[in-house]
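J.: I have a structure here, written as structure tokens, and I will follow up with some questions on it.
The values are calculated or read from the model by the stated rules, or taken from the named source; none is laboratory data. Only a predicted model underlies this, so the values are computations on that prediction, with no experimental measurement involved. Because the Cβ atoms are built from the backbone with ideal geometry, glycine has one as well, and the counts that use them run over all protein chains shown.
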Amino acid sequence: MTQEFDLSASLARGVESRSGAWGFIQGFAAHWADALENGDGWAEADLMAAEERLGIRLPAALREAYLLFGRRRDLTSNHDVLLGPAELYMDDSNQALVFRHENQGAASWGILLDSLQEDDPAVFMRADLADKSAERWEQWLERLSLCFVEIVLSESLQADEELCDFLDPDDTSIELLEENALRLPFPAYPIGEEEHAIRWFLGQDVLLRDDDGMAVLARGRTAEDLDRVRDLIPGDWLNDYR
């Protein structure tokens, strides 16, 4: 089954174009979760109602994502939350259309209002700070379709505890990760943080994310796959009860 979906090659195509991003998400859902079906997306009427309420036209990439898989919370909202069409809103500074929240409200993701006319605009992130005057919309990813690929990958790491785990790594952990897994072709992000970037890897049927050496998150296609990567990268894995 793994050979039917080449995650790395499909991801490379997903990085290249908007249509490639949707193709990657369809393939990933079919082989790492449940295949997309009719009804997994919001209806056109839901999007039109949001546009009428907000007085804007939603970017093509946002419309396409919502229509294809916007109701699939297992792909979009295991940890952080993708807002539904009726929940979309302009931020309090009227700079961005907000479409995603961090699960404890510590950050939001949005599209700057002056780029809404673009088909696949850049995505920005704003941290929720005690000093509100210091809050800024910072660059996250250069295209919204890329952001949706990242959402689906990241939310897959927060699925069933039996398949997912978290490691507080040391230098050896990162070395072992780089030795035992393939670096995936996803661009460094957040934008401008190339030296301290989030990186994606693929082991043997295990998806891994390195958060600049501060954390390693893993998702196996099976519990046995996850156990294998724990053995390859020893450490204090949060959910390893063996």
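J.: Could you list, in sequence order, the residues of region 181-204 that are at pLDDT below 95 and more than 20 Å from residue 147 (Cβ to Cβ)?
T.: Of everything in region 181-204, those that are at pLDDT below 95 and more than 20 Å from residue 147 (Cβ to Cβ) turn out to be 195, 204.
J.: What are the pairs, 6+ residues apart or on separate chains, where a residue within region 173-192 that is of a type outside the set (S, T, N, Q) has its Cβ under 8 Å from a residue that is at pLDDT below 95 and surrounded by fewer than 14 Cβ atoms within 10 Å (Cβ to Cβ)?
T.: Final answer for the pair search is 188/194.
J.: Related question: What number of residues in region 1-55 are part of a helix (DSSP H, G or I), hydrophobic (A, V, I, L, M, F, W, C) and within 22 Å of the chain's Cα centre (by Cα)?
T.: Total meeting the criteria: 14.
J.: Being touching a Leu at 6+ places or on another chain (Cβ under 7 Å) and part of a loop (DSSP other than H, G, I, E, B) is the filter here, so list the residues in region 223-235 that pass it.
T.: 233, 235
J.: Next up: Filter region 167-207 down to residues that are among the charged types (D, E, K, R) and in a loop (DSSP other than H, G, I, E, B) and give me whichever is farthest from residue 219 (Cα to Cα).
T.: Among those residues, the one meeting the criterion is 193.
J.: Against the condition out of contact with any Phe, Trp or Tyr (no Cβ under 7 Å at 6 or more places or on another chain) and not β-branched (Val, Ile, Thr), how does residue 53 come out, does it pass?
T.: The answer is yes for residue 53.
J.: If you scan region 226-235, which residues turn out to be touching a residue at least 60 places away in the same chain (Cβ under 8 Å) and buried (at least 17 other Cβ atoms within 10 Å of the Cβ)?
T.: Residues satisfying the conditions are 226, 230, 233.
J.: Would you confirm whether or not region 214-221 contains a residue that is crowded, with 20+ Cβ neighbours inside 10 Å, part of a helix (DSSP H, G or I) and not assigned by TED's automatic domain parsing to the domain that holds residue 110?
T.: no
J.: Same structure, new question: Tell me which strands (runs of 3 or more DSSP E) are completely within region 70-133 and hold 3 or more residues being more than 17 Å from residue 55 (Cβ to Cβ) and assigned by TED's automatic domain parsing to the domain that holds residue 57, or say none if there are none. If you could, list the steps in order and put the result at the bottom.
T.: On the way: elements: 96-101, 107-112, 123-127.
Ranges flagged: 107-112, 123-127.
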